[in-house]
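Report on one structure; see the data block that follows.
Read the figures in this text as sums done on the coordinates, not as results from a lab. Everything quoted here is computed from the prediction, not taken from an experiment. Cβ sites come from the backbone with ideal geometry, for glycine too, and all protein chains shown count toward neighbours.
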């Protein structure tokens, strides 16, 4: 079943939020946050999953997430 326009917008918005969080984490010293690399991995996986949920989505500009 195809996604509605509203569903696509929500997925896109969620991907942008995840990307924003990932970028924000780059400003934090990983040694100060327990599980930092796991958090980064989780965000990467979530971003990829949302991307895969949107068939025909254009490739990312500027990398993953």
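The modelled label-to-label distance between residue 42 and residue 6, using points 7 Å beyond Cα along the C-beta direction, is 3.0 nm.
On C-alpha positions alone, give me the angle between the axis of helix 5-25 and the longest principal axis of the chain, in degrees, nearest 10. It works out to around 10 degrees. Is the shape of the chain rounded, prolate or oblate, going by the alpha carbon gyration tensor and its root eigenvalues a ≥ b ≥ c, with a/c under 1.5 for rounded and a/b larger than b/c for prolate? In terms of gyration-tensor shape, prolate.
What's the angle, to the nearest 10 degrees (0 to 90), between helix 36-53's Cα axis and the longest principal axis of the chain? Rounded to the nearest ten degrees, it is 10.
Averaging the sequence gap over all C-alpha pairs within less than 8 Å and six or more residues apart, then dividing by the number of residues, gives the chain a relative contact order of 44 percent.
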